[in-house]
Amino acid sequence: MRIILCDNYEELSKKAAKLVASQITLKPDSVLGLATGSTPVGMYGKLADMCNSGELDFSEVKTFNLDEYYPIKKTNNQSYDYFMRENLFSKINIRDENIHIPNGEADDPEKECADYEKKIRESGGIDLQVLGIGRNGHIGFNEPDASLNSFTHLTKLTENTIKANSRFFRSADEVPRQALTMGIATILNAKKIVLLASGANKRKVVSELIGGGINTSVPATMLKTHPDVVLICDRESYSGARLGIDIGGTNIKTAIIDSDNTVVYKGEFKTGNTENEIITGIVETVAALRGSFDITTVGIGTPGIIKDGKVTAANLPFKGTPLESLIEEKTGLSVTVDNDANCAALGEVVFGNTKDCENIVLITLGTGVGGGIIMNRQILRSNNNMGEIGHFVIRAKNGRPCKCGQSGCWEQYCSMTAFTRDAKAMAKKNPDSILFGLMKDGTLTGEDIFNAMDSGCEVAKKVFDDYIRYLAIGINSLVNIFGPDAIVLAGGVTRQGEKLLEPLRQLIKSDVRIEISNLQNDAGALGAAML
Ligand code: PGA
């Protein structure tokens with residue numbers, strides 16, 4: 001189950017409408033499964049607006065509603081038939097014969113249910129099913145029970161639902177005691193499902209849905225057996241804490257974010273030596289943290305390449321490791337895995353000093369050069385290892401060979417490894433220099449280079465000038481390609497602050513903001529929590 005967390009109901013309605021609209025755009029004769037209740041009202045309003053502005057065409061769309069009270073007259077303003085016409089059908093160009101709602105006036109409800117099921121099948125099946133969720137976990141009128149019905153059927157409403165729905169009637173006595181509803185199998189047969197949840201009164205059930213197992217006492221948890229479900233919820237309905245895990249070569253960092261985006265915990269533990277040790281370490285940490293926090297989702301950042309959910313990393317014992325499904329299986333929580341640099345970039349745009357930006361490029365200057373790209377506050381990603389910004393070629397002729405197989409890669413000039421290696425080579429060529437004097441056991445640190453410059457060392461200054469020139473070439477290219485609002489730099493060398501930024505800014509062609517990360521190594525776990 002994929003979770004889209006929205007700031008408020010307005011955003012939830014927009015996102016849900018967009019999802020339905022894309023379905024119709026891709027397949028104009030889509031079969032939609034629709035829901036009633038207060039939650040989808042905003043989404044229906046947006047869909048109607050899109051239709052009226054000519055953006056969306058419902059003329060070929062077929063709809064099947066989830067449920068209807070029984071018995072109830074269509075003209076009753078509490079019938080779902082009335083609701084749908086009022087909130088959607090009267091406002092869009094759908095054809096009347098394409099609208100299907102279980103008939104609350106049917107004399108023979110059993111026959112009505114069987115016919116309804118048949119009509120769904122004959123239409124080719126539901127492409128996209130929209131669902132709300134009841135406070136007791138019902139979907140449609142599939143109420144909590146020891147066993148659940150598969151197909152469209154007549155059912156009794158629980159006291160809980162009668163009470164919840166009485167707000168629409170003059171009194172609870174007027175709420176019909178029965179309903180016709182699609183069954184769990186009818187719903188699960190849909191190709192794609194979008195479940196909407198909004199408001200604080202859904203907190204408990206949303207947390208049961210995300211964090212709990214599959215259980216007929218919370219019928220919505222059946223959705224976890226479906227391969228394509230999106231839960232769109234707002235912050236009011238989502239109480240759980242999100243755990244972020246950033247796997248590094250030496251340590252694994254963790255962070256917990258609560259539903260108000262407050263960081264409530266930070267920790268770390270040693271990275272295991274084998275795949276099994278790493279997985280066990282993560283699973284045990286998750287279990288321990290669950291003792292103190294109501295964790296509902298886990299995000300994991302890992303180095304390496306992630307393809308089809310499998311991780312392969314050069315510096316970790318991961319070779320096609322299905323990290324996401326393994327941790328999900330062992331914790332029962334919803335887990336998302338992404339590249340660690342992507343997570344760090346997400347951490348920067350949510351929690352860092354660029355949180356006011358929509359689009360950023362994070363550049364980490366460490367052993368190599370890495371980074372992540374955020375566009376519209378989302379990670380820019382593909383299934384093909386994108387964003388390897390350390391490996392675009394900045395020097396085509398006589399470029400330094402890179403372990404990736406190319407020559408002249410940016411990281412061969414701008415990583416800390418390259419910076420200190422160049423300094424060492426220059427120092428050796430100039431044994432009279434201050435820089436040479438700072439060498440210990442034949443090595444130099446980044447700090448030595450800056451200290452030498454501070455003491456007026458021309459050799460160190462030359463090394464630094466070359467470094468900054470190459471850094472600027474790369475940044476200018478990234479700015480040309482992505483047009484970010486800000487470039488964020490991270491890594492040990494950025495501790496130098498203005499000593500690094502001031503000369504760099506002079507070589508940057510645009511007025512893009514250049515920032516030094518205020519999160520540094522914490523960004524990965526924070527971003528992972530937000531995946
Ligand atoms: P609601 O109802 O959208 O009005 O909360 C949802 C449901 O009961 O399924």
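The values are calculated or read from the model by the stated rules, or taken from the named source; none is laboratory data. Predicted, not measured: the structure shown is a model, and the values here were computed from it. Backbone-built Cβ (ideal geometry, glycine too); neighbour counts: all protein chains shown. With ligands, DNA and RNA removed, areas are computed over all heavy atoms of the protein, side chains included. Shrake-Rupley method; radii C 1.70, N 1.55, O 1.52, S 1.80 Å.
Can you tell me which aspartates and glutamates have their Cα less than 14 Å from the Cα of Lys319? Leave out same-chain residues fewer than eight positions away.
Candidates past the 8-residue exclusion: Glu275, Asp308.
I need the calculated FRET efficiency for the pair Thr274 and Glu447, taking r as the beta carbon distance and R₀ as 41 Å, to the nearest 0.05. Let's see the in-between values first.
Values: r = 35 Å, r/R0 = 0.85.
Approximately 0.70, to the nearest 0.05.
I'd like to know which of Tyr238, Ala197, Ala185 lies farthest towards the positive end of the charge dipole of the range 146-276, counting +1 on Cβ of Lys and Arg and -1 on Cβ of Asp and Glu.
The Cα lying farthest towards the positive end belongs to Ala185.
Using only Cα positions of the chain, each an equal point scatterer, no hydration layer, compute I(q)/I(0) via Debye at q = 0.06, 0.10, 0.12 Å⁻¹ and quote the log10 values to two decimals.
Treating every Cα as an identical point scatterer, log10 I(q)/I(0) equals -0.39, -0.87, -1.10.
For Glu117, Glu447, write out the residues from largest to smallest accessible area, computed with a 1.4 angstrom probe and no ligands counted.
The ordering from most to least exposed comes out as Glu447, Glu117.
Where in the range 25-61 does the label zone of Glu86 land, with the point 7 angstrom along Cα→C-beta and an amide N cut-off under 16 Å?
The answer is 35-45.
Choose one of Ile360, Val459, Asn251: the residue whose Cα lies farthest towards the positive end of the charge dipole of the chain (beta-carbon charges +1 Lys, Arg; -1 Asp, Glu; about the Cα centre).
Val459
Kindly provide the helix-only [θ] at 222 nm of the chain, computed as the sum of -39,500 (n - 2.57) over DSSP H runs of four or more divided by all residues, to the nearest 500 deg cm²/dmol?
Details: 17 runs with 183 residues, N = 531.
My calculation for the chain gives -10500 deg cm²/dmol from helical runs alone.
With each pseudo-label sitting 7 Å past Cα toward Cβ, what's the Asp29-Ser325 distance in nm, one decimal?
3.5 nm
Helix 416-429 against the longest principal axis of the chain: what's the angle in degrees, Cα atoms only, rounded to the nearest 10?
It works out to around 10 degrees.
Toward the positive end of the charge dipole of the range 357-529, about the Cα centre and with charges on Cβ (Lys, Arg +1; Asp, Glu -1), which of Phe450, Pro503, Val393 goes farthest?
Val393
What does the charge add up to near Asn201, with Lys and Arg as +1, Asp and Glu as -1, over the other residues with Cβ less than 15 Å from its Cβ? Walk me through the intermediate numbers first.
Details: positive: Arg135, Lys163, Arg167, Lys202, Arg203, Lys204, Arg235; negative: Glu208, Asp234, Glu236.
With Lys, Arg at +1 and Asp, Glu at -1, the neighbours total +4.
So for each of 264-273, 449-458 I average, over its residues, the number of other beta carbons within 10 Å; can you give me the resulting order with the highest mean first?
Packing order, densest peptide first, comes out as 449-458, 264-273.
Under the rule a/c < 1.5 gives rounded, and otherwise a/b versus b/c splits prolate from oblate, where does the range 428-531 land using the Cα gyration tensor?
On the way: a/c = 2.83, a/b = 1.63, b/c = 1.74.
Cα axes put the range 428-531 in the oblate bin.
What is the range 2-238's relative contact order, in percent, from Cα pairs under 8 angstrom and six or more apart in sequence? It would help to have the intermediate numbers written out before the result.
Values: 480 pairs, mean separation 59.5, N = 237.
Reported relative contact order: 25 percent.
Which of the lysines could be linked to Lys163 by a straight reach, that is with a Cα gap under 17 Å, when you skip same-chain ones fewer than 8 residues away?
Answer for Lys163, where 17 Å is the Cα cut-off: Lys202, listed by chain and number.
Rounded to the nearest 5, what % of DSSP beta bridges with both residues in the range 2-238 are antiparallel? Show your work: numbers first, answer last.
Values: 9 of 32 bridges.
In the range 2-238, approximately 30 percent of DSSP beta bridges are antiparallel ones.
Hey, which of these cross-link pairs are over 25 Å Cα-Cα: Lys27/Lys91; Lys424/Lys499; Lys46/Lys192; Lys440/Lys462; Lys266/Lys355; Lys14/Lys119?
Correct reply: Lys14/Lys119.
Distance from the Cα centre of the range 460-490 to that of the range 107-160, in angstrom?
Cα centroid of the range 460-490 versus Cα centroid of the range 107-160: 59 Å apart.
Would you work out if the range 476-521 is rounded, prolate or oblate? Take a ≥ b ≥ c from the square roots of the eigenvalues of the alpha-carbon gyration tensor; rounded if a/c is under 1.5, else prolate when a/b is larger than b/c, oblate otherwise.
Details: a/c = 2.44, a/b = 1.43, b/c = 1.71.
Judged from the Cα gyration tensor, the range 476-521 comes out oblate (a/c at least 1.5, b/c at or above a/b).
Using only Cα atoms, find the angle between the long axis of helix 340-351 and the longest principal axis of the chain, and express it within 0 to 90 degrees, rounded to the nearest 10.
Once rounded, the angle reads 70 degrees.
Shape call for the range 127-169 from the C-alpha gyration tensor, a ≥ b ≥ c root eigenvalues: rounded (a/c under 1.5), prolate (a/b greater than b/c) or oblate?
Details: a/c = 1.88, a/b = 1.27, b/c = 1.48.
Verdict is oblate for the range 127-169.
State to the nearest 20 debye the size of the charge dipole of the range 47-185 about its Cα centre, where the only charges are +1 on K and R beta carbons and -1 on D and E beta carbons. Intermediate results must be reported in sequence, preceding the final value.
Numbers: 16 positive and 24 negative charges, 76 e Å.
Here the range 47-185 has a charge dipole of around 360 debye.
To the nearest whole percent, what portion of all C-alpha pairs in the range 306-359 is separated by more than 17 angstrom?
Numbers: 726 of 1431 pairs.
Summing the P(r) tail past 17 Å for the range 306-359 gives 51 percent.
Quote the FRET efficiency, to the nearest 0.05, computed for Arg177 versus Asp108 with a Förster distance R0 of 22 Å and r equal to the Cβ-Cβ distance.
0.75
So if we plug the beta-carbon distance of Asp57 and Asp432 into 1/(1 + (r/R0)^6) with R0 = 60 Å, what FRET efficiency do we get, rounded to 0.05? Could you put the intermediate results ahead of the total?
Values: r = 78 Å, r/R0 = 1.30.
Using R0 = 60 Å, I get an efficiency of 0.15.
I'd like the distance between the alpha-carbon centres of the range 354-416 and the range 16-38, rounded to an integer number of Å.
38 Å
So if I place +1 on the C-beta of Lys and Arg and -1 on the C-beta of Asp and Glu, and nothing else carries charge, what would the dipole magnitude of the range 373-531 be about its Cα centre? I want it in debye, nearest 20. Present the calculation step by step, with values, prior to reporting the outcome.
On the way: 19 positive and 17 negative charges, 107 e Å.
For this selection, approximately 520 debye.
Let me spell out the model: positive unit charges on the Cβ of Lys and Arg, negative unit charges on the Cβ of Asp and Glu, origin at the Cα centre of the chain. What dipole size does that give, in debye rounded to 20?
Numbers: 58 positive and 66 negative charges, 233 e Å.
My answer is approximately 1120 debye.
Enter the accessible area per residue of the range 101-159 (Å², integer; probe 1.4 Å; all protein chains in place). Spell out each step's value before the answer.
On the way: 2730 Å² over 59 residues.
Here the residues of the range 101-159 average 46 Å² of exposed surface.
Using label points projected 7 Å from each Cα along Cα→Cβ, tell me how many nm separate Asp465 and Asn376, to one decimal.
Distance between label points: 4.5 nm.
Note the angle between two axes, namely the Cα long axis of helix 9-26 and the longest principal axis of the Cα atoms of the chain, as a number of degrees from 0 to 90, rounded to the nearest 10.
80 degrees
Take every DSSP beta bridge whose two residues both sit in the range 241-349, then give the antiparallel share in percent to the nearest 5.
On the way: 19 of 31 bridges.
Here the share of antiparallel DSSP bridges comes out near 60 percent.
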